[in-house]
There are 2 protein chains.
Amino acid sequence: MSPEDALSPRAAALARIRQIVGPKGWYDTPADIAPYLAEQRGMFQGDCKLVVRPDTAADVAAVVSACASAGIAIVPQGGNTGLVGAGIPMQADAAIILSLGRMNRIRDIDPLNATITVEAGCILANIQAAAAAEDRLFPLSLSAEGSCQIGGNLSTNAGGVNVLRYGNARDLVLGLEVVLPDGRIWNGLKRLRKDNTGYDLKQMYIGGEGTLGIITAAVCKLYPRPKDVQTAFVGLRNLEASLDLLARARSASGDRVTSFELICHRSFAAAVAHIPGIRDPLTRKFDDYALFELSGANADGDMAEAMETLLSEALAAGEIDDAAIAQSDSQRADFWRIRDAVVESQKFLGGSIKHDISIGVSRVPAFIRRANAAVLALLPGARPVPFGHCGDGNIHYNISQPVDMDLETFLSHREAVTRNVYDIVVDMGGSFSAEHGVGQLKLREMARYKQPLELAMMHRVKSALDPEGIMNPGKML
Amino acid sequence: MSPEDALSPRAAALARIRQIVGPKGWYDTPADIAPYLAEQRGMFQGDCKLVVRPDTAADVAAVVSACASAGIAIVPQGGNTGLVGAGIPMQADAAIILSLGRMNRIRDIDPLNATITVEAGCILANIQAAAAAEDRLFPLSLSAEGSCQIGGNLSTNAGGVNVLRYGNARDLVLGLEVVLPDGRIWNGLKRLRKDNTGYDLKQMYIGGEGTLGIITAAVCKLYPRPKDVQTAFVGLRNLEASLDLLARARSASGDRVTSFELICHRSFAAAVAHIPGIRDPLTRKFDDYALFELSGANADGDMAEAMETLLSEALAAGEIDDAAIAQSDSQRADFWRIRDAVVESQKFLGGSIKHDISIGVSRVPAFIRRANAAVLALLPGARPVPFGHCGDGNIHYNISQPVDMDLETFLSHREAVTRNVYDIVVDMGGSFSAEHGVGQLKLREMARYKQPLELAMMHRVKSALDPEGIMNPGKML
């Protein structure tokens, strides 16, 4: 009899899985597995005995098939840069981690069709570079782009800094290849701008957080590469002015605003004070700043003219009181460093309670004022640090601890503060998770704020497409 | 006992439905029902004994609930401008038609958030006008816009002439209100650019052809209204040149090409010869023409300069041999009349076999040449009339009858011709229904060309969301 016969179905399946992926394709020592269990904010402690790293869709399918036969749960993982614990297995799952990192080939790039076909494990920055090499733009851009993988970006429907013009990850996908929970491969790698032949099934896997299947490859849209990028850093007269400035910038540039980021004085001041290389481009201090960018696809300098005109009009209209336009790529990088330093600089303000929320763009100022008041009433001395993708109505509403309060006491208020903030968000028609997803972190909010009918519809979809429930159990639902 | 007790469950439900919508809300005489059964190309003869026209989502829900209780099938219908028979009930259904035409309110428009909230029965042109009144653009535009309704546009994921820049109907939706097959109302009317809190359920109803529920309202995206539109009508050196011209236009205009339409000489010549008011803007004849448009959102005239530059470069590069730029709105309208007249002008060429296909943009010329050769081999003398949304890879591949063949004989080849064309499309990675959908017309193609696995996935979604199968039975699946 073969050695497998002596094993339990689970043990036999795990042995088979090792054979499928080969010696290079799996880890089972605590030391090797540790990096796959580490969640960057330390909010979740993962547990798992086996990490498999198949390097083809066929091997992913074979692994999933073996798991299905033995009822072994699977947690798909990309670059492990997620912020809600969606890629971290929980102890109760007794799951294996299926890492897509070795599936990192760019299968095809078609500049005339403006598409690129990539495997799930491709690092986002590598896809951007491959597109640039063909004088095209892959617009998805976010702080983790150097290590996050496109499969994870699609499974979480990532947002980032270019959503205003190019949409979320969902809007950049034409086709998917997905390994289903029974181990079959669905080849939906269409390269078409138009295809109305049935339900658009790929939409369930995009943003599905790996709970319905495993994305192994995707056809993504490309765009002409911007040749004329103008970046401004401005001091806002007040929060409300950000709306007028955004509307002005969209119309003055011919709707070429690709980023419109809000930065509040607290994080900015901390960055200038503590982070080397961060300088204030302006001569005065403001409560709120905006960093925004116009991107023209041709090099004729239109955007420079548009930027200068709209800024002088915004100054005249009293929307802004000071502005700086980047005069070089390095100055542009300096401006973006201010934006990118917000999270790091917040550490100099002590502990932080964070919220990734969205609201109608026109309601952003009202939300921030209302949330600030509620948080201060609840926790006098608390220091809100709202920032982020203002142009999408997506605010990272973070709160730093009061100067005279110890961290433990501050964090003991987390639940009350968070509930207050989300109650306001939902009351104003907003979302308690704009771009980070649900994962493990926001299951309580799903139960509290999601309509029961909508939850029931989600459960029906889950049961229809993952009837055995082996895909990323306990996440999102 | 109440009169209803004496009736069968079906009859009782139908009586209840009449009460729900009131005397103005239903038709049951053949004369009144006839318009709802008429399919514009006369390809399907509908059958139905009751048309209900509720004017609120609550009434739609009550009607659906009554139908669910008695197992009565429902065929939702918008403007009845569809081309695949999706809105036409079949005799076997014993279904009622639920017309959304009275739900025609614009519930809200928010220029700063760039959103408009509309009911399903709103005429597309009225939504465009409401947006324009706020200096915004609702970009969905197609030939039926004067009578089609947004609910139908979304249920079929309509395409049209602005997809190149703004995407399909799917890409213009932020939220939906849907009446589910059990009569419950799902309020998914979000106005958010970012919301990652679970499966994006609305995507199943968009393009779902009414088989999963009834869209009663939607939140749609608006854009800055173009202030500088430049329209050119050009004679192409050859089909392949259309690709170079499109790429040149996208980059020269800063990706501001909003339409790029292909027009072939046959339909154009017929239009010039037979349709009053259609003139040839060029001095020579060509095999293929392109009508394309650049839309700048600001009035500074950049597009005029970009258009002149790119056309002279295209002439120098030998991509085009003649070009005319519209010098006025009326001339622009004249150019578009040529495009819009293609379908009508084809009637002067006799009978026609039509295909709404899509292919990778870079493969359009190869597809047309290959399909032309196949069709001529099969049917010598046949006259292909390929035209349409070349910039999206969406070609309306129509074939006019040979001059020396009678209509009946020609149409007797329909099945063979159509299969040949679709075989080539699918072999080249294309779609047999780009923007018109499946409905009743393309059920055979669904069975022949759709992967069995994908069909099985669709059936699972259908069973999960419409377990009793009362929504638009026999369509799409």
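Segment B:3-99 gives an Rg/Rh value of 0.97, both radii derived from C-alpha positions and Rh following Kirkwood.
By the Stokes-Einstein formula, at 1.002 mPa s and 20 °C, chain B with its Kirkwood radius over alpha-carbon pairs has D equal to 90 µm²/s. DSSP bridge analysis restricted to segment B:3-99 gives an antiparallel fraction near 35%, rounded to the nearest 5. What the Kirkwood sum gives for segment A:321-386 is a hydrodynamic radius of 14.6 Å, with every pair of different alpha carbons counted. Restricting attention to chain A, the count of lysine pairs at 8 or more positions apart or across chains with alpha carbons under 22 Å apart stands at 19. For A:Val64, the shell of other residues with beta-carbons less than 10 Å away shows a net charge of -1, using +1 for Lys and Arg and -1 for Asp and Glu. Expressed as a fraction of 2.2 N^0.38 Å, the C-alpha radius of gyration for segment A:138-289 is 1.34. The per residue volume of the convex hull around the alpha-carbon atoms of segment B:350-436 is 79 Å³. Solvent-free Debye calculation, one equal scatterer per alpha-carbon of segment A:39-195: log10 I(q)/I(0) at 0.17 Å⁻¹ equals -1.05. The sum of -39500 (n - 2.57) across all DSSP H runs of n ≥ 4, divided by the residue count of chain B, sets its helix-only mean residue ellipticity at 222 nm to -11000 deg cm²/dmol.
Here the residues B:Met103, A:Met471, ranked from fewest to most Cβ neighbours within 10 Å of their Cβ, fall in the order B:Met103, A:Met471.
As a length-normalised measure over Cα pairs under 8 Å and 6 or more apart, the relative contact order of chain B settles at 15 percent. In chain B, the longest principal axis of the Cα atoms and the axis of helix B:329-346 are about 70 degrees apart. The Stokes-Einstein estimate for segment B:271-429, based on a Kirkwood radius over Cα pairs and taken at 25 °C with 0.890 mPa s viscosity, is a diffusion coefficient of 139 µm²/s.
Across the alpha-carbon atoms of segment B:228-347, the computed radius of gyration and Dmax are 13.7, 42 angstrom.
In percent, rounded to a whole number, the relative contact order of segment B:325-477 is 24, using alpha-carbon pairs under 8 Å and six or more apart. The P(r) of segment B:106-224 has a tail past 21 Å containing 30 percent of all C-alpha pairs. Across the protein assembly as shown, the convex hull enclosing all Cα atoms gives 193 Å³ per residue. Label points for B:Glu308 are taken 7 Å from Cα along Cα→Cβ. From this copy to the others they lie 2.2 nm apart, shortest first. Taking every Cα-Cα distance in segment B:290-342 and sorting them into 5 Å bins from zero, the calculated P(r) comes out as 5, 17, 24, 25, 19, 9, 1 percent. Shape summary of segment B:63-105, radius of gyration then Dmax from alpha carbon positions: 11.3, 34 Å. B:Met43 sits among other residues whose Cβ lies under 12 Å from its own Cβ, and their net charge, with Lys and Arg +1 and Asp and Glu -1, is +3.
Each reported figure results from applying straightforward, stated rules to the coordinates on display, with no laboratory input. All figures in this text were calculated on a predicted structure; none of them were measured in a lab. Note that we place each Cβ from the backbone using ideal geometry, even for glycine, and neighbour counts take in every protein chain shown.
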